[in-house]
Amino acid sequence: MSSVPPVGPALLLAGALLVATPGSASAQTVVPTTPGSSAFTAPQAAVPVPGMVQVAGPSPYRLADDNESAQGDVAVAANLLPSEPPAGPAPAAEAAPEPAPAPEPAPAPAPEWSAPVPGAPTSNPYGVANSEYAAGYHTGVDFAIALGTPLLAVGNATVVSAGWDGAYGKEVVLRLADGRFAQYAHLSAVAVSPGEQVSAAEQIGRSGSTGNSTGPHLHFEIRTSNRYGAVINPIAYLSAHGVTGC
């Protein structure tokens, strides 16, 4: 019985025969005739649902610059971003607030001095010599005004007297704040009473032609004391207090 000479190791594994040829540096792979399971014949995985994106799980890898996980840099697919609501009509512009009303101007301060009859012309000035007067001259100034013209206090004062006074007819005498006295003569009516406090430019009576008078006018005096002849120039006095127009 003859023996088969050795022709090299032979190995049969899972239907595949590997034959080593003497003197060959490589081995040949014999493909089995019966198909078997392989990566090429395995069933294909199910198709992912449209619109979904598979993202790998968190990675332990850390970025060198900010030491944050690389998972934070994973971009989200555009089709997974929240949808923008449809653009509607532009909101109506808010009405501009109405401007605040301008503050009312402060009331003008009350005057401290006034002319007895603002703007009235004079018919007989102060100091004119006249022998018919006991003092020998005109002790006041006469303002030519119509009957019933309002007469005003020339300053803040106290009413000393208000009534009849002989040749002066109806008169009013005021004691002014600086101690001087203002006398109004030949009135047709008085509007104040003795002891009353009056303010500058307040009405104290009306012009007339009572007493020794030849026609409606106001005889006005400024006295240093409340007696006849103790007088000073009334126009100069009022001018010194800033009164004009008389």
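Neighbours of residue 229, meaning other residues whose beta-carbon lies under 12 angstrom from its beta-carbon, give a summed charge of +1 when Lys and Arg score +1 and Asp and Glu score -1.
Of the trypsin sites (Lys or Arg not before Pro) found in region 147-238, the ones in coil according to DSSP and having at most 13 other Cβ atoms within 10 Å of their Cβ are 227. Across region 217-231, computed HN-Hα scalar couplings (Karplus, 6.51 cos²θ - 1.76 cosθ + 1.60, θ = phi - 60°) run 5, 10, 8, 10, 10, 10, 10, 7, 9, 7, 8, 5, x, 8, 10 Hz from first to last residue, x flagging Gly and Pro. Each of 232, 145 has some number of other Cβ atoms within 10 Å of its Cβ, and from fewest to most they run 232, 145. Per-peptide packing, taken as the mean over residues of other Cβ atoms within 10 Å, places 183-195, 89-101 in the sequence 183-195, 89-101 from highest down. A Cβ-based charge dipole, computed about the Cα centre of region 93-246 with Lys and Arg at +1 and Asp and Glu at -1, lands at about 660 debye. Averaging 1/r over every pair of different alpha carbons in region 122-238 and inverting the result gives a Kirkwood radius of 13.9 Å. Can you work out the PRE-style zone for residue 203? Point 7 Å along Cα to Cβ, and I want the residues of region 158-182 with backbone N under 17 Å. Within reach of a label on residue 203: 172. Each residue of region 150-162 was assigned a 3J(HN,Hα) from its phi angle through the Karplus curve 6.51 cos²θ - 1.76 cosθ + 1.60 (θ = phi - 60°); the sequence is x, 10, 10, 5, 7, x, 5, 7, 10, 6, 8, 8, 8 Hz, with glycine and proline shown as x.
Counting every other Cβ atom within 10 Å of each residue's Cβ, 217, 241 order from fewest to most as 241, 217.
The numbers here are math on the coordinates, done by the rules we state, and not lab data. Note that the structure is a prediction, hence the values are computed from the model and not measured. Neighbour counts run over all protein chains shown; Cβ positions are idealised from the backbone, glycine included.
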